[in-house]
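A.B. asks: Could you have a look at this structure, given as C-alpha cells, before my questions?
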C-alpha cells in the first residue's frame, strides 16, 4: 500500500483545525449556506493535507547577514564627464 503523507505527523492543533473545519461545514449545511461550507472545506483540507498559506515557505523574508563590514571609507575615483 502506498504511504499516505496526510496520515503522518498529527498534532493537537492539526486535529483541532480538522475538527473545526468539519464543524463549519456542518453549520453551513444546516444554514444552507454554500459559502460557509466552502470555507469549512478549505479549513478542513488544509488540516488534512498539512498545508497552509505558507506551504511553499515564501512567507518569511530572509535578510542577508553581513559579516565583517569594513567601517573605513574606501577611496573612490570619479571620472568627470563633460557634455557637449
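Bear in mind that the values in this text are calculations on the coordinates, not laboratory data. Treat the numbers as computed from the prediction; the structure is a model and nothing was measured. For neighbour counting, all protein chains shown are included, and Cβ atoms are generated from backbone atoms with ideal geometry for every residue, glycine included.
A.B. asks: Obtain the nm distance between the two label points defined at residue 42 and residue 29 by a simple spin-label model: each point lies 7 Å from its Cα along the Cα-to-C-beta direction.
C.D. replies: A separation of 2.1 nm, rounded to one decimal place.
A.B. asks: Relative contact order for region 5-48: what is it in percent, counting Cα pairs under 8 Å that are at least 6 residues apart?
C.D. replies: Working: 48 pairs, mean separation 19.5, N = 44.
RCO, region 5-48: 44 percent.
A.B. asks: How many percent of Cα pairs in region 5-48 exceed 17 Å?
C.D. replies: Numbers: 286 of 946 pairs.
That tail contains 30 percent of the Cα-Cα pairs.
A.B. asks: Relative to the present Cα-Cα distance, how much length would full extension add between residue 13 and residue 79 at 0.36 nm per residue of separation? Mind dumping the intermediate values first?
C.D. replies: Working: separation 66, 0.36 × 66 = 23.76 nm, distance 6.30 nm.
Gain on stretching residue 13 to residue 79: 17.5 nm.
A.B. asks: Give me 22, 13 sorted ascending by neighbouring Cβ count inside 10 Å, so fewest comes first.
C.D. replies: Working: 22 15, 13 9.
The most exposed by this proxy come first: 13, 22.
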